[in-house]
Amino acid sequence: MPQNLNKPNESVEQLLQHEKIWRAGDNASFPGIPTSFPVLDSLLPSHGWPQSALTEILTAEEGIGALRLVLPAMAQLTQTQWAVWVCPPYIPYAPALQAAGIALERMLIVEPDVDEQADLDYVLWVFEQALRFPDCAIAMAWVSTTQYDRLRRLQLACEQGQTCGVMFRPEALAIQPSPAALRLSLTANLNTKTSVRILKSQGGARTRSCQLEL
């Protein structure tokens, strides 16, 4: 009888050794993509953007450096793979991106037709395909709102395509649940710095905010 009782414990231990199992506090096997902002990297459990996972950047207003936060990682990733932009609110300024070290020849901008631009399902479908694209290292999308199950599909697409997915969303959506591995909130201060607050991070974070010059 004691031997039978021990079998479940043994199977659990075997399960915990599986490479797909993640345990809180154990982040050494999941190094992140450096953000190039040492203060922020020191706060994130993976010491950078989570790989093969969805990240949300939420802002209350435009022009406070949300995209600037991602550019250093994009510059690193586009040296060997593609970066896909889905429905950016403005036409990316090529000289500034090139000055930031981004390989423009590996950057793809996807914009739906005017009649389809209001179709959220279409935009999310395009974003999901980009996340599943084998040669895509990072894909970004600007989406105002969506349901939890659609966000879950995007997270799974990141895992399948081993892609870093970034969604830029309004700050008002911070109260909604999300399966994203990382959620950041950006707020402009009276000085030249931007407050970056960690709303959610896989593995937790001891300090929840920092100030960056963006």
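The values are calculated or read from the model by the stated rules, or taken from the named source; none is laboratory data. Just so it is clear, the model here is predicted, and its values are computed rather than measured. Don't worry about glycine lacking a Cβ; one is built from the backbone with ideal geometry, like all the others, and counts go over all protein chains shown.
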Only one of these is surrounded by fewer than 20 Cβ atoms within 10 Å (Cβ to Cβ) and either in contact with a helix residue (DSSP H, G or I) (Cβ under 9 Å, 6 or more places away or on another chain) or among the aromatic types (Phe, Trp, Tyr) (or both): Val143, Val126, Val86, Val110. Name it.
-> Val110
Need at least 2 residues that are of a type in the set (Ser, Thr, Tyr) and modelled with pLDDT of 90 or more per element, so show me which strands (runs of 3 or more DSSP E) inside the range 52-157 make the cut, counting only ones lying wholly within it.
-> 54-59
Looking only at the range 166-207, which residues are part of a loop (DSSP other than H, G, I, E, B) and either in contact (Cβ under 8 Å) with a residue 24 or more places away in the chain or on the phi > 0 side of the Ramachandran plot (or both)?
-> Gln176, Pro177, Ser178, Pro179, Ala180, Ala181, Gln202, Gly203, Gly204, Ala205, Arg206, Thr207
